[in-house]
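To keep things clear, I will list the structure first and then write my remarks on it.
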Amino acid sequence: MIKNEQERQRIGQRIAELRKAAGLTQVQLGERCGILGNHITRIEKGRYSVGLDTLAAIAKALNKRIDFV
């Protein structure tokens, strides 16, 4: 489970970086992708395992693609 937790945190940190680079608040990002701001907070802190649909909505709101390595 620790590995999953680390991955959630890594993904959340990357979303936060991209959001800040776009000059958006968590609330603004949430509005763009139809997610509550407090939910964005949980995602960015790695407290919530984000599903593919939600991740795709966030990526679209940030004008980014989801890439798998």
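Before rounding to the nearest 500, sum -39500 (n - 2.57) across all DSSP H runs of length at least 4 in the chain and divide by the residue total; then give [θ] at 222 nm in deg cm²/dmol.
It lands at -20500 deg cm²/dmol.
Looking at (1) 28; (2) 24; (3) 44, which value of percent of Cα pairs over 18 Å apart comes from a calculation on the structure shown?
Checked against the structure: label (1).
Would you work out which of Gly51, Gly37, Ala21 lies farthest towards the positive end of the dipole of the chain, given +1 charges on the beta-carbon of Lys and Arg and -1 on that of Asp and Glu, about the Cα centre?
The residue sitting farthest along the positive end of the dipole is Ala21.
Taken together, the values in this text are just the output of simple stated rules run on the coordinates, not laboratory data. Predicted model only: the values in this text are computed from it and were never measured. FYI the Cβ positions are ideal-geometry reconstructions off the backbone, even for glycines, and counts take in every protein chain you see.
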